[in-house]
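Peer 1: I have a structure here, written as structure tokens, and I will follow up with some questions on it.
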Amino acid sequence: MRKLLPPAGNQQKLIYKICNLLIPLFLILGQTTYAQTNVQVQGTIIDSTGEPLPGVNVVIKGTLTGTVSDLYGKYNLSAPSDATLVFSFVGFTNQEIPINNQTEINLTLADDTSDLDEFVVVGYGLQRKSDLTGSISSIKSKEINRLPVSNVTQALQGRVSGVQVTSLSGAPGAGTTIRIRGVGTLNNSNPLFVVDGMLLDDIDFLNPNDVESMEVLKDASATAIYGSRGANGVVIVSTKQGSFNTKGRISVDTYTGIQQVADRIDLVNGRQFAELANELEQNIGNRPLYNVGDYGVGTDWQDQIFRNAPVSSVNLGASGGNANTSYSLSVNYFNQKGVVKESEFERLTVRLNNQYKFGEAVTFGHNFSFIYTNQQNEPGVVGNAYRAYPIFDPRNPDGSYTNTTPVGNPAAQFEYNSNNQSNNYRSVGNFFMDVKFLKNFTFRSNFGLDLSFNDGKSFTPVFFVSPTQQNFENSVSVNAGRNRNILWENTVNYTKEWDNHRLDLLGGITTQSFYQEFLSGGRRNLPGEDPSLWYLNAGELTSQTNSNSAGDWSMLSFLFRVNYTFRDKFLVTGTFRRDGSSRFGRESRFGNFPSIALGYRLIEESFLQDQSVLSELKIRGSWGIIGNDKIAFYEGRPVVTGNENAVFGENEALIYGATLTRLANPFIQWEETVTSNIGLEFGFFDNKLSGELDYYYRRTNDILVGVPIPAYVGSSNNPVVNAASVENRGIDLSLNWREQKGDFGYYFGIVASTVNNKVLAIGEGNEAIFGGAVGISGLLGSRTIIGESIGHYYGYKTAGVFQNEEQLANTPRRGPEGAGDLIFEDTNGDGVVNSKDRVILGSPIPDLVYGFNIGFDYKGFDFSVDFNGTIGNEIYNSKKQVRFNTYNFETSFLDRWTGEGTSNVEPRVTNGGHNYEVSDRFIEDGSFLRLRNVQIGYSFPKVALDRVKLQSFRIYVSGTNLFTMTNYTGYTPEIGGGNVLGTGYDSSLYPIARTFNVGVSANF
Amino acid sequence: MKSAIKNRILTFTLSLTVFGGLFSCGEDFLEKAPKGELTSDNFFLDATQAKQSVNAIYAHLRSFNVHVFSYVGITDIASDDADKGSVPGDAGFLQDINDFTFDANNTAVNGVWRGYYQGIFRANQVLANVPNIEMNEELKTRLLGEARFLRAYFYFFLVRTYGDIPLIERPLNPDEYRQSRVPKAEIYNFIEEDLNFAIANLPEKSEYASTELGRATSGAAKAYLAKVHLFQNDFQSAFQMAEELINSGEYGLYPDYEAIFRREGEHSSESIFEVSTVALEQGGGGSQFNEVQGIRGNPNNGWGFNNPSDDLIAAYEENDPRLGATIIFNTDTLSTGEVVIADPNMGSSARFSKKAWIPIRPPIGFGNSGANIRLFRYADLLLIAAEAANELGNSTGALNYLNQVRERARKGNPDVLPDVTSTNQAELRNAIWHERRVELAMEQHRYLDLVRQGQAQSVFAELGINWIPGKHEVFPIPQAEIDISGGTLSQNPGY
């Protein structure tokens, strides 16, 4: 009995509430069905400090009848005189007290440090942690809120095994790339996000303060309930809820901090540049251009574009509830200026999570948020600051901007190209209704929506800086878009406990529909440049352009799951899901996705009962098939390309043209991932040391891939077929140590994951798929072939530098090399160096992703530090390779070859040509260890707070991204984004910032 | 308790209706069609769509791979007329074309192949689908004629560039994607069939409404047929076809040579076939043909490729006014008053094509150029007639046409470009070859002419370029194509 009901807690989850509603419901129903001698029992429940405990479950053992203690810890119920009452509450040890005809039973509940009865959010429900057969990792509010970032996914870095989170860029408001257990497909490998039951593709909008917990579902058993959406893993987010029968509480959380660029790139100074540039000219047969003596240090262009920038956040929350209503309201304002000038992000979030009880069986609730964001992006100066010559000043003596050809003058860009802003208005939420009927059934209808509108405007004035950096006509462009994502789910849940059995059945139907539309317009030649004129009507009619496009998709699914536990020892979970998606053709619209999982809790065996070393030991295994439908919306249709316009007539009129230019495959269907997982969960010394170890194997088949067809067929694309196959396997480990010695508590945690990624098939006719275009030159640096990982770097291996003519004559080479050029290795030994000598140079997929954190608390002080990093991944430094012209140089050029014997590593100075072929010259080690966060805080003691009527008050200082150990020479070793076939390319990314902030957190 | 039972019944029925409702709307719910776009289900249904599909073939003529970057590379930069241009390091693949150090992976080789076969795809779509449309038969035949002319144009360039190539006559089914190469004689037959159909079914240039100026004409088809014969060394047929067209009176030389390449010279009497473009305020009708060859530096008109060579300058006769109409030198003052200062990185021999120069900056930029791309001029036709006549021993006819071209070029100045009088076949041949070179310089004819005329080996040997006979008469089939074909496609010898 004690294990049936999820005990209520201080920050109660939604479903806790529902289960708690069972008690009063059946109290009423129960009164008609039980006809025995009853007594009225009442009493007060307090905790070890003497404080009354509201919300404690008081249940008649063997039934579902019971009640909940009120605000003062008092309870009152009618029960058979010979029954036993069970008292339970999360965080406290349960107690069972036989009534024995007593009419008053008071008790004290003791703290329970074990979290075995902890509940974990799974897909479409809650499950006891001990009952889990799937691989799920959980991270709580406190850990999510320790970082001063706009995006909650950043909090997952280094905290969850099996998950690699990479920032897309350091720009304010930028998102992340999340990979759960490797790269699952050649296409979209992003996981599914579920926020309070609403299925989404991103959680960039979430206010970190609103998040109660995040669960990452990694294996088939956990994700199969999401069928076609779950192939790349699922991240479930639960937002903070109010609680019934709780006094209203107000919380204030605020922090403010300063950010600075964490690491700069080492570029040469003015004089060094002049030297190198002269040498370059001489190397191509021209005369030197500069008088080196004229130049000194020159301009540090990185200084010109970077600044220290503030970041701050203010969060106000109120929550509480009475017997029939619970509420949680929060308002958050977040503002982050970027460390590159003219970039900024601000966000206002309002959230209202309420629940209402109607009668005994019906609960209605909503989790509703409204978000407004405003974003300004920097005008593309990072790349120009990397390339601009240090011998130029930002401005000429007369105040005008210097002509910094061959790149744009970054200082001028700030003035002329920064007039662009975008706004986004979004609301994400869900409305649900729970109805309990027939004793063990719950019907739940959940309506989720994600609506957003965005608009943007940009204006470019007339300006002249140089012939390549000028604008002849001013122009304004506006854009607007909207997204509508609607979900409707209906599920029925049946739970029953009897004897040693526990059964949970779930069945349901869900539908989802998505629509988005884009609209944009532009005009030129406004009569003036004042912001009051930045509207299309002010521009010339003849210059107007416009565009409007839209897309949509829909899904219909049937789901079923059974969870069975026997004696708390044997666990079985089975799920089945049938999904239909509009993205596929009529013949292949639906897919079936089953999974099965078993668990065995050895700790419940008799031979492990009487010992104090092992506190938990469970083996679990799962197998399942899940699908991926993240392909283009209308992949199977051959679409007519319009606006292929011809010009005819003396008046040169543009005449509309359209035709089929592409081929399509009408037989497209789901990508399928078959995954199996074996896991061991263990706990020692009363769970002081706990951990999980998993081995997983995922194989994705029918991956959609463009199978190349010959160009003479004449299609402008390769039709997409389900033909590729990829395998990922690895080990996930997480370990935690937590101990409390009197007033001193400390903890240590480590997570580590390995990924072994291999391509098994890439479609007939594909010998290799190349990707990763480096600049406009069209060189491709990545390759995907059978037997190797996706998107590994592929190019020449360097073996030194040619020193003299003799070496040139005697070493196999490509042909155009001269003395001072790189030697490429003749890897196949055929005496010639050509494209057949290219080899695998590295991979953007790390061998190991890890993180560890340490912390302690003592008498109100708390300290924590966490690290994260990767080992074994490489980065392609593509910004160094793309040289259409003479640009500034990294200091690595200072070691260049200038004559025989001067260098065997760095070739002579040139732009383009032989030394800029795809080779390991541009591949660098991307392994890193980053000190992600250090935080020191102090919570004032209760005694001091009582005087000012505060419940709690904590102040803290924290530093983020303080220090990164890496061999990579760019701004950051985290290079996210890009298509998986060509990822890991650093082409002038916005740098990561180091932040110092102070914060305060108070509860009234 | 009644309420409890009522409750149960209520919720039960509610869930039934919900489930039931979802089932019934299931099928339609999952049908989604693309927004703002037609699919093959609702295209090729009426005359309007038939016209649109033909217009789309013309649109393709303005595209990058067909008549811009790689095209200029293979025809001019490869030849002795021009060097790569722009700054060292820029577009290295074109340097390889210039030096004949390219391999089968070369970007230009790939680009041309891809672009021209995509044009053939569009033409085949029309030829496969338009016949089934119920519409005015005369218009339908004309549209089919235009598609066949354009298909022949695409194949003509491909066969001269690559030699034996796959012959695709209609849209292929997936099981037909593996094709092998067809001997070029067969390709030429195919081209001639298409051109003959076009000749028979297209209106003359003068018969078109003025709003249709720019479409394929029967005259253009005849002109290309003459050239096709010349490239097969069938001088008799070439001469006959050329003379027929010359005598038709549809075309004539434009009096001002330099103005041919300005706005006033677009679709002039001299124009047999050109790609129409227009520089609109909002874009969408231009091409980058002029941008890639535009002056690099000051005025900043473009990328600076296709640099007229020392050899070309030396080829002009003394005081030939066509030199000034063809080449822009560094430090020249243009007719707009601008002084040309080439990008210093281009080196001392920086020059640009005057024929690709546009005096006024188009709206949006030089990538939105409205300057038409001249493909076939009347002067070209005259020289074809002259060359063919001479090969047949008809020196009178040859001299007549040759001197017409020189007469126009000298612009009434008796002291330059004297008439050619020699009747010696070898001398006359050289004179005609020379005239072709200087008349059509920087107009993307030279390299293909060099190969046809058999001069390539000696010309390049003198320039110190390693042009290998038996190999370099054709460009390689793109390596990617050979790889994908799985063995059905063979490579040209030597690559």
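Peer 1: For segment A:519-565, which residues satisfy the criterion of being closer than 23 Å to A:VAL478 by Cα, of a type in the set (Ser, Thr, Tyr) and touching a Phe, Trp or Tyr at 6+ places or on another chain (Cβ under 6 Å)?
Peer 2: The one that is closer than 23 Å to A:VAL478 by Cα, of a type in the set (Ser, Thr, Tyr) and touching a Phe, Trp or Tyr at 6+ places or on another chain (Cβ under 6 Å): A:SER549.
Yes/no per residue for (1) out of contact with any Gly (no Cβ under 6 Å at 6 or more places or on another chain); (2) assigned to a strand (DSSP E or B); (3) over 30 Å from A:ASN915 (Cα atoms):
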position	(1), (2), (3)
A:ARG699	yes, yes, yes
A:SER716	yes, no, yes
A:ALA724	no, yes, yes
A:ARG729	yes, yes, yes
A:ARG738	yes, yes, yes
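Peer 1: Looking at B:GLU270, B:GLU258, B:GLU274, which is the one that is out of contact with any Lys or Arg (no Cβ under 6 Å at 6 or more places or on another chain) and touching a residue at least 60 places away in the same chain (Cβ under 8 Å)?
Peer 2: Sole residue among the options that is out of contact with any Lys or Arg (no Cβ under 6 Å at 6 or more places or on another chain) and touching a residue at least 60 places away in the same chain (Cβ under 8 Å): B:GLU258.
Peer 1: Working only within segment B:411-430, note down all residues that are in a helix (DSSP H, G or I) and within 26 Å of B:ASN306 (Cβ to Cβ).
Peer 2: B:ASN430
Conditions tested, residue by residue: (1) under 34 Å from the mean Cα position of the chain (by Cα); (2) among the small types (Gly, Ala, Ser).
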site	(1), (2)
A:VAL882	yes, no
A:LEU894	no, no
A:GLY913	no, yes
A:SER939	yes, yes
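Peer 1: A further question on this structure: Of all residues in segment B:50-107, which are surrounded by 24 or more Cβ atoms within 10 Å (Cβ to Cβ), within 14 Å of chain A (Cβ to nearest Cβ) and among the hydroxyl-bearing types (Ser, Thr, Tyr)?
Peer 2: If the condition is that a residue be surrounded by 24 or more Cβ atoms within 10 Å (Cβ to Cβ), within 14 Å of chain A (Cβ to nearest Cβ) and among the hydroxyl-bearing types (Ser, Thr, Tyr), then B:SER53, B:TYR58, B:SER70, B:SER86 are the ones that fit.
Peer 1: Let me ask something else. Please work out if A:ALA664 is aliphatic (A, V, I, L, M) and either away from every other protein chain (no Cβ under 14 Å) or assigned to a strand (DSSP E or B) (or both).
Peer 2: Judged against the criteria, A:ALA664 is not a match.
Peer 1: Shifting gears a bit: Does A:LEU276 satisfy the condition of being modelled with pLDDT of 90 or more and closer than 30 Å to A:THR898 by Cβ?
Peer 2: Criteria met by A:LEU276.
Peer 1: Scan segment B:329-362 for residues that are crowded, with 22+ Cβ neighbours inside 10 Å, outside any loop (DSSP other than H, G, I, E, B) and either modelled with pLDDT of 90 or more or under 24 Å from the mean Cα position of the chain (by Cα) (or both) and jot them down.
Peer 2: Result: B:ALA342, B:ARG351, B:PHE352, B:SER353.
Peer 1: Spot the failing condition for A:PHE824; the list is (1) at pLDDT 90 or above; (2) surrounded by fewer than 17 Cβ atoms within 10 Å (Cβ to Cβ), and only one is missed.
Peer 2: (2)
Peer 1: Also, I was wondering about something else. Inspect all residues belonging to segment B:286-296 and state whether any of them is more than 20 Å from the chain's Cα centre (by Cα), surrounded by fewer than 19 Cβ atoms within 10 Å (Cβ to Cβ) and of a type outside the set (Phe, Trp, Tyr).
Peer 2: no
Peer 1: Hey, could you check segment A:152-196 for residues that are farther than 22 Å from A:LEU989 by Cα and of a type in the set (S, T, N, Q) and say which is surrounded by the fewest Cβ atoms within 10 Å (Cβ to Cβ)?
Peer 2: The qualifying residue surrounded by the fewest Cβ atoms within 10 Å (Cβ to Cβ) is A:ASN187.
Peer 1: Ok, one more. Can you pull out every residue in segment B:455-495 that is without any contact (Cβ under 8 Å) to a residue 40 or more places away in the chain, surrounded by 17 or more Cβ atoms within 10 Å (Cβ to Cβ) and either out of contact with any Pro (no Cβ under 9 Å at 6 or more places or on another chain) or over 30 Å from B:GLU176 (Cα atoms) (or both)?
Peer 2: B:ALA456
Peer 1: For segment B:123-146, give me each residue that is away from chain A (no Cβ under 14 Å), without any contact (Cβ under 8 Å) to a residue 60 or more places away in the chain and buried (at least 18 other Cβ atoms within 10 Å of the Cβ).
Peer 2: The answer is B:LEU144, and nothing else.
Peer 1: Right, A:ASN332: part of a strand (DSSP E or B) and more than 23 Å from A:THR995 (Cβ to Cβ) or not?
Peer 2: no
Peer 1: In this structure, does B:PHE149 turn out to be assigned to a helix (DSSP H, G or I), touching a residue at least 40 places away in the same chain (Cβ under 8 Å), within 11 Å of chain A (Cβ to nearest Cβ) and buried (at least 21 other Cβ atoms within 10 Å of the Cβ)?
Peer 2: no
Peer 1: If I ask for residues that are among the small types (Gly, Ala, Ser) and either free of Cβ contacts under 8 Å to residues at least 60 places away in the same chain or surrounded by 20 or more Cβ atoms within 10 Å (Cβ to Cβ) (or both), which ones from segment A:650-693 would you list?
Peer 2: Listed by number, the residues that qualify are A:ALA653, A:GLY657, A:ALA658, A:ALA664, A:GLY679, A:GLY683, A:SER690, A:GLY691.
Peer 1: Let me spell it out: the conditions are (1) touching a strand residue (DSSP E or B) at 6+ places or on another chain (Cβ under 9 Å); (2) buried (at least 18 other Cβ atoms within 10 Å of the Cβ), and A:PRO710 meets all of them except one. Which number is the exception?
Peer 2: Single failed check for A:PRO710: (1).
Peer 1: Right, something else. Give me the residue from segment A:560-615 that is in contact with a strand residue (DSSP E or B) (Cβ under 7 Å, 6 or more places away or on another chain), aromatic (Phe, Trp, Tyr) and within 14 Å of chain B (Cβ to nearest Cβ) and, out of that set, surrounded by the fewest Cβ atoms within 10 Å (Cβ to Cβ).
Peer 2: Among those residues, the one meeting the criterion is A:PHE560.
Peer 1: Kindly indicate which of A:VAL721, A:VAL751 is in contact (Cβ under 8 Å) with a residue 12 or more places away in the chain and either within 14 Å of chain B (Cβ to nearest Cβ) or touching a helix residue (DSSP H, G or I) at 6+ places or on another chain (Cβ under 8 Å) (or both).
Peer 2: On inspection, the qualifying residue turns out to be A:VAL721.
Results for (1) of a type in the set (A, V, I, L, M, F, W, C); (2) away from chain A (no Cβ under 14 Å); (3) assigned to a helix (DSSP H, G or I), shown as yes or no for each residue.
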residue: B:PHE154; (1), (2), (3): yes, no, yes
residue: B:LEU172; (1), (2), (3): yes, no, no
residue: B:SER180; (1), (2), (3): no, no, no
residue: B:GLU186; (1), (2), (3): no, yes, yes
residue: B:ILE199; (1), (2), (3): yes, yes, yes
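The values are calculated or read from the model by the stated rules, or taken from the named source; none is laboratory data. On a predicted model such as this, the values are computed, not experimentally measured, just so you know. Virtual Cβ from ideal backbone geometry, glycine too; neighbours counted across all protein chains shown.
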